[in-house]
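Novice: Take this structure first; my questions come after.
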Amino acid sequence: MMRAPRFRYVAARSVGEAARALADDPGAMLLAGGTDVVPGIKRRQHAPSLLVSLRRVPELRGIRWGDDGGLELGACVTLSEIVEDGRVAQSHAALWRAAAQVATPQIRNAGTVGGNLCLDTRCNYYDQSIEWRRAIGFCMKAPGPGGTARTEKAGGVCWVALSSPKCKAVSSTDLAPALIALGARVTLASTGGERRIPLEELYADDGMAFTTRRHDELLTAIHVPPPAARTRSTYWKLRRRGAFDFPVLGVAGALRVADDGTVEAARIVLGAVASKPVVVDATSLLVGGALTDDAIDAFEEKAARFARPLDNTDFDLHWRKRVARAYLTGVLCELRGDDPASLGLLQRRAAAMVPAG
Ligand SMILES: Cc1cc2nc3c(=O)[nH]c(=O)nc-3n(C[C@H](O)[C@H](O)[C@H](O)COP(=O)(O)OP(=O)(O)OC[C@H]3O[C@@H](n4cnc5c(N)ncnc54)[C@H](O)[C@@H]3O)c2cc1C
């Protein structure tokens, strides 16, 4: 059994109290559901001097609806609360589907949306016990991301890409691609005040410094605009085990299609292919045309270039690249309203693929 090292603990009662605790201690870490941070502490990936729990902060709870159908989620809303909300399933399907596919019911009962959006990046060479990582001489990410105390000397190398000056650990949050596709913004609070940014700006393409959140900031709320008329959204996830597993590919899409079939707005976002969610330039590739099979073919070929997975998670990377094309096709076929039982174009694409070993 892995035991956690010693750390101090405080259960904040307000956003202000949590922000002060962060500001006062550069070694402090936030704890929401703890489903990711606690195993990480036990594996010595993090070595916080202080854990600041957010679970007793009332301002961080609750799903709130605006009169216009916009959605505000407190950072400590659990994934189960999202999944149990039928209105979310109806109006923001991509978010609901992403939440429903995270881990297991038990983990979704504890895991929060804020914790999911700030989830540590993952890698075959990092998500291991400390003994395993010590045996390979660690890597540049070991023992933990910036802001936590360092207990072991980092190896200084990225085992995924030996000449890379930065860490290639991969963004593995299911909710981030879905919420970016839906145009979400997030509020970050510190003792100095609040700022609200588009969710995609929360992320940086660096496996160690993978968010732009300052150490003294906490994420307090997620704001999702109301769905425009004739807009559909969805989220497709590839994972090793169907029962529960982290994504090795996620494709989120939101599309507004006019009555005559012309695409008026499009957002497509890929997860688990880089250290941050990758926004595909869907506007220039799709908007203004109709979603014919030929248009989907052309889009899929160009969009798949945005998916450049490395050998840092499960499945063969060449297969992951190819399967990205099938997932992009599947998402677009679903969004144009194809019968899910007969996504013909997708089936043709999938039939051409050899399963990964
Ligand atoms: C077996 C298993 C399977 C899993 N499968 C999946 C999966 O399929 N998909 C997936 O996306 N995740 C998965 N997870 C990861 C995790 O359970 C979820 O992402 C969960 O939503 C994390 O939320 P949490 O509240 O438990 O975060 P915590 O573990 O409490 O925190 C995670 C990180 O976010 C930071 N943090 C938490 N709240 C805030 C905040 N308000 N502001 C700023 N930083 C904050 C913490 O300091 C920490 O760095 C899995 C975990 C396990 C153990």
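Novice: When you scan region 217-314 for strands (runs of 3 or more DSSP E) that lie fully inside it, which ones turn up with 3 or more residues that are without any contact (Cβ under 8 Å) to a residue 40 or more places away in the chain and more than 30 Å from G16 (Cβ to Cβ)?
Specialist: So the answer is 263-271.
Novice: Please determine whether any residue of region 241-254 is over 24 Å from A103 (Cα atoms) and not β-branched (V, I, T).
Specialist: There is no residue in region 241-254 that is over 24 Å from A103 (Cα atoms) and not β-branched (V, I, T).
Novice: Condition first: surrounded by fewer than 16 Cβ atoms within 10 Å (Cβ to Cβ), away from the ligand (no atom under 13 Å from the Cβ) and either of a type in the set (D, E) or not in a helix (DSSP H, G or I) (or both). Can you find one or more residues in region 35-48 that meet it?
Specialist: no
Novice: Look at R55 and say whether it is in a loop (DSSP other than H, G, I, E, B), more than 7 Å from the ligand (Cβ to nearest atom) and touching a helix residue (DSSP H, G or I) at 6+ places or on another chain (Cβ under 6 Å).
Specialist: no
Novice: Pick from R108, R97, R134: which is charged (D, E, K, R), at pLDDT below 95 and either on the phi > 0 side of the Ramachandran plot or not in a loop (DSSP other than H, G, I, E, B) (or both)?
Specialist: R134
Novice: Return a yes/no flag: does region 120-129 have any residue that is in a loop (DSSP other than H, G, I, E, B), within 10 Å of the ligand (Cβ to nearest atom) and charged (D, E, K, R).
Specialist: Among the residues of region 120-129, at least one is in a loop (DSSP other than H, G, I, E, B), within 10 Å of the ligand (Cβ to nearest atom) and charged (D, E, K, R), which makes the answer yes.
Novice: Pairs needed: first member in region 65-77, within 15 Å of L182 (Cβ to Cβ); second member anywhere, surrounded by fewer than 24 Cβ atoms within 10 Å (Cβ to Cβ) and acidic (D, E); C-beta distance under 8 Å; at least 6 residues apart or different chains.
Specialist: W65/E72; G66/E72
Novice: Can you name the residue in region 238-286 that is basic (K, R) and modelled with pLDDT of 95 or more and, of all such residues, is farthest from the ligand (Cβ to nearest atom)?
Specialist: R256
Novice: Moving on to the next point. What about G27, is it of a type outside the set (K, R) and closer than 29 Å to D245 by Cα?
Specialist: Spelling it out, it is not the case that G27 is of a type outside the set (K, R) and closer than 29 Å to D245 by Cα.
Novice: Select from region 204-217 the residues that are touching a Cys at 6+ places or on another chain (Cβ under 9 Å) and of a type outside the set (S, T, N, Q) and write down the one among them that is farthest from the ligand (Cβ to nearest atom).
Specialist: Among those residues, the one meeting the criterion is D206.
Novice: Let me ask something else. Can you spot a residue in region 315-330 that is modelled with pLDDT under 90 and part of a loop (DSSP other than H, G, I, E, B)?
Specialist: Yes, that holds for at least one residue.
Residues are listed down the side, and each one gets a yes or a no for (1) out of contact with any helix residue (DSSP H, G or I) (no Cβ under 9 Å at 6 or more places or on another chain); (2) buried (at least 23 other Cβ atoms within 10 Å of the Cβ):
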{"position": "T220", "(1), (2)": "no, no"}
{"position": "P225", "(1), (2)": "yes, no"}
{"position": "A228", "(1), (2)": "yes, no"}
{"position": "R241", "(1), (2)": "yes, no"}
{"position": "F244", "(1), (2)": "no, no"}
{"position": "V248", "(1), (2)": "no, yes"}
{"position": "V251", "(1), (2)": "no, yes"}
{"position": "D260", "(1), (2)": "yes, no"}
{"position": "V269", "(1), (2)": "no, yes"}
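The values are calculated or read from the model by the stated rules, or taken from the named source; none is laboratory data. Given the structure is predicted, the values throughout are model-derived calculations rather than measurements. Cβ sites come from the backbone with ideal geometry, for glycine too, and all protein chains shown count toward neighbours.
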